[in-house]
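The values are calculated or read from the model by the stated rules, or taken from the named source; none is laboratory data. Since the model is a prediction, treat every value here as computed from it, not as a measurement. Please note: Cβ atoms are built from the backbone with ideal geometry, for glycine as well, and neighbour counts cover all protein chains shown. SASA here: full protein model, heavy atoms, side chains in, ligands and nucleic acids out. Shrake-Rupley method; radii C 1.70, N 1.55, O 1.52, S 1.80 Å.
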Amino acid sequence: MMNRKIRVIDTTLRDGMHAVSHQFTPEDMAEIAQKLDEAGVDTIEVGHGDGLGGSSFQYGFAAASDREYIKAVSSVLKGAKLDVLLIPGIGTIEDLEVAAKYGAKVVRVATHVTEADVGEQHIKYAKKIGMEAIGFLMMSHMADVNKIVEQAKLFESYGADAIYVTDSAGALTPAGVAERIRAVKQAVKVPVGHHAHNNLGLAIGNTLAAIEAGADIVDGTCKGLGAGAGNAQIEVLIAVLDKLGYETGVDLYKIMDVADDIVAPKMKRPQVIDKDSLSIGYAGAYGSFLLHARRAAQKFGIDARDILIEMGRRKTVGGQEDMIIDVAYELSRRK
């Protein structure tokens, strides 16, 4: 197999925050990030699960502020780049300014797969202040290839340094991922990335399909920590890529040690595919709806799966968490 270089972005300290109710402390983050850096991870994403500005009543309060997390992590990094996620409408240009001031070097501007235009000002501002800016098209199972290509080209026209085709719901299969990545790769000149969720048990397989279709950058998290059933498990991903002869720059033993010895003891529960997270992948519902749906199900005495399937049927997207209560109420009335 070829010795192609694959850039690996670790999102344990951002997507993984969903799985710990956003309660990692700045000290936790610094300890994990330092070890990820020593293991040779290229880029480390930190912050609230919903990105900059996410700590709120609607999305759940984090244990600390964006500034405190970024400051703590940037003080320990020697080789890795510090990355933040920004969802326009949750995070603002001002939040990005603060992130850059305290050491963030990369921003992933995350929009719904049909709404790259809402990220234009954020991409342009990031470039102006010297950051790497990545366009991040979420919920990519909800659009056909032509629409995804159109939106990827928009991000490229704003100056994005790379573009992600993101499976936020863990709803895609390998063929669906490969088709999307191949089309975007042919349409743009910048690197293309893939972020997988494991709700259908396909995160590693989908990531491999993305790489084989031309993806240059992929994501993973220690122990697979993340929204829904979690992300591609980074230590497994590195082992697989290593076996196939891809170069990642990540030390396999060291990444295994970070996952098992440092991250695992901080986890509230094992990251598994249970009936609720499986329902997210099956229905194509947004990954971070999981905990909200469980709380609403308990409150209204109904099955969380019914809420998630209905949210998928209505084609809801990230940011519509408030609809979960409405849906739960309606379903309870129908009972």
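Every listed requirement among (1) more than 17 Å from Leu96 (Cβ to Cβ); (2) in contact with an Asp or Glu (Cβ under 6 Å, 6 or more places away or on another chain) is met by Gly49 save one, (2). Would you confirm whether any residue within segment 120-130 is over 29 Å from Ala285 (Cβ atoms) and part of a loop (DSSP other than H, G, I, E, B)? Taking every residue of segment 120-130 in turn, at least one turns out to be over 29 Å from Ala285 (Cβ atoms) and part of a loop (DSSP other than H, G, I, E, B).
This table checks each residue for (1) in contact with a Lys or Arg (Cβ under 8 Å, 6 or more places away or on another chain); (2) at pLDDT below 95; (3) open to solvent by less than 60 Å² (accessible area, probe 1.4 Å); (4) not charged (D, E, K, R).
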position	(1), (2), (3), (4)
Leu86	yes, no, yes, yes
Val107	no, no, yes, yes
Glu115	no, no, no, no
Tyr125	no, no, yes, yes
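Of the residues making up segment 308-330, those that are open to solvent by less than 30 Å² (accessible area, probe 1.4 Å), free of Cβ contacts under 8 Å to residues at least 60 places away in the same chain and in a helix (DSSP H, G or I) are Leu308, Glu310, Met311, Ile324, Val327, Ala328. Here the condition is being surrounded by 17 or more Cβ atoms within 10 Å (Cβ to Cβ) and either closer than 25 Å to Met142 by Cα or more than 19 Å from the chain's Cα centre (by Cα) (or both); of Ala80, Ala99, Ala64, Ala33, it holds for Ala64 alone.
Filtered by the rule that a residue be within 25 Å of His18 (Cβ to Cβ) and open to solvent by 10 Å² or more (accessible area, probe 1.4 Å), segment 173-196 gives Thr173, Pro174, Gly176, Arg180. So how many residues does segment 8-30 have that are at pLDDT 95 or above, more than 20 Å from Met256 (Cβ to Cβ) and open to solvent by 30 Å² or more (accessible area, probe 1.4 Å)? Qualifying residue count, segment 8-30: 3. Every test in (1) touching a helix residue (DSSP H, G or I) at 6+ places or on another chain (Cβ under 6 Å); (2) on the phi < 0 side of the Ramachandran plot is passed by Gly103 save one, and that test is (2).
Being more than 15 Å from Gly287 (Cβ to Cβ) and free of Cβ contacts under 8 Å to residues at least 60 places away in the same chain is the filter here, so list the residues in segment 224-235 that pass it. Before the answer, list the steps.
Going residue by residue through segment 224-235, those that are more than 15 Å from Gly287 (Cβ to Cβ) are 233-235.
Across segment 224-235, the qualifying residues are Gln233, Glu235.
Working only within segment 147-165, note down all residues that are closer than 21 Å to Ile234 by Cβ and either acidic (Asp, Glu) or surrounded by fewer than 24 Cβ atoms within 10 Å (Cβ to Cβ) (or both). Matches in segment 147-165: Ala162 only.
Taking segment 197-307 and the helices (runs of 4 or more DSSP H) fully enclosed by it, the elements with 3 or more residues that are crowded, with 18+ Cβ neighbours inside 10 Å are at 203-212, 234-243, 275-283, 289-300.
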